[in-house]
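Read-outs throughout are calculated quantities, based only on the coordinates presented, and are distinct from any laboratory measurement. Note that the structure is a prediction, hence the values are computed from the model and not measured. Cβ coordinates were reconstructed from backbone atoms using ideal geometry, including for glycine residues, and neighbour counts include every protein chain displayed.
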Amino acid sequence: MNVDFATIMVIALVITGGIWAIDHWLWAPNRCVQRAGANGDAAAEPVREPMIVEYARSFFPVILIVLLLRSFLVEPFRIPSASMMPTLLAGDFILVNKYVYGLRLPVLNKKFIAVATPQRGDTIVFRYPKDPSIDYIKRVVGLPGDRITYVDKTLYVNGSMAVQQLVGSYTGVGVGRSYSGTKLISEQLDKVSHQILVANDRRLGEGEFLVPEGHYFVMGDNRDNSNDSRYWGVVPEENLVGKAFMIWMNWDSSAGGITWSRIGSRIE
């Protein structure tokens, strides 16, 4: 089951803030009267505020800060699959820049401040168009108005072939061992150089695609093992979540736990 963390945080913020506000305007004044005592004795035993108010007052600022950070600055995600290998491995924990493509209201996902737009080669997180409750991560290969062609393991953008150079044979580790032996290729998308995996024995997702205005064409770096725009279409601008920029941890139990060498790695 997919948990909408932003919605949970907003609900928690409203509840704790509401309790705090009710106490400030209604309950606290009554406690002040009680402190004076029934006969106006100023030395009467003070009345302690309810525990629920103490908790609300303590948690409200914490929830607010976390919500603001996750909604407008940086949000962590975990990579669950191999579709972005070799750039990202299953078990990577990444950080995503939430403001680079504009600031959006939490839960409603409505942009209220425009900043920039995705560029070809960006690794982006977005809400899956077929089920917006699921977050996907892929690489942008097509911008609005582009004509994308993928044939014979080669990507063409507006008729120009993306420059590719064979690096060698890929050697996987941990859960990625099953991809050992596939071709490791360096690909250039505008100014972004990244690596992709290609399996010689599979020919999937070929065809020509036109990217509508306000949409983006995305593909996984593990080209023959990625559920991407070749199969379900383009990503609407309103589905954008942010740009992945760093791996802050990797956990792969089949490889012995934490992969220390990946911590702090920049995502191209």
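Please report the relative contact order for region 90-179, taking Cα pairs under 8 Å with a sequence separation of at least 6, and give it as a percent rounded to a whole number.
Working: 95 pairs, mean separation 13.7, N = 90.
About 15 percent, as a whole number.
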task = Can you figure out the FRET efficiency of Asn158 with Trp260, using R₀ = 45 Å and their beta-carbon distance, to the nearest 0.05?
result = 0.60
Radius of gyration and maximum dimension Dmax of region 115-268, Cα, Å = 15.8, 46
request  = Go ahead and set up a Gaussian network model of the chain, Cα springs under 10 Å, then flag whichever of Gly102, Gly91, Gly17 fluctuates most.
outcome  = Gly17
request  = Please work out how much length the chain gains when fully extended from Arg78 to Ala21, using 0.36 nm per residue of separation minus the C-alpha to C-alpha distance, in nm with one decimal.
outcome  = 16.9 nm
request  = Give the shape of region 146-212 as rounded, prolate or oblate, defined through the alpha-carbon gyration tensor: a ≥ b ≥ c are the square roots of its eigenvalues, a/c under 1.5 means rounded, and otherwise the shape is prolate if a/b is larger than b/c and oblate if not.
outcome  = prolate
note = Under 5 Å from the placed amide H of Gly220, counting only residues 5+ away or on other chains, we find Arg139
ask   = Which lysines have a Cα lying under 24 Å from the Cα of Lys191, excluding residues fewer than 8 positions away in the same chain?
value = Lys98, Lys138, Lys153, Lys183, Lys243
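Hey, got a sec? Which trypsin sites (Lys or Arg not before Pro) in region 164-268 land in a DSSP loop and have at most 10 other Cβ atoms within 10 Å? Don't skip to the end; give the middle numbers.
On the way: sites: Arg177, Lys183, Lys191, Arg202, Arg203, Arg223, Arg230, Lys243, Arg262, Arg266; in loops: Lys191, Arg202, Arg203, Arg223.
Counting only loop positions with at most 10 other Cβ atoms within 10 Å, the trypsin sites (Lys or Arg not before Pro) in region 164-268 are Lys191.
Efficiency by 1/(1 + (r/R0)^6): what FRET value for Tyr99 and Arg202, r their Cβ-Cβ distance, R0 = 35 Å, to the nearest 0.05?
On the way: r = 38 Å, r/R0 = 1.09.
My answer for the efficiency is 0.35.
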request  = Enter the angle in degrees (range 0 to 90, nearest 10) between the Cα long axis of helix 5-22 and the first principal axis of the Cα atoms of the chain, meaning the one along which they spread out most.
outcome  = 10
ask   = Out of (i) 31, 23, 17; (ii) 28, 24, 17; (iii) 50, 21, 13, which label holds the value of semi-axes √(5λ) of the Cα gyration tensor in Å that was computed here?
value = (iii)
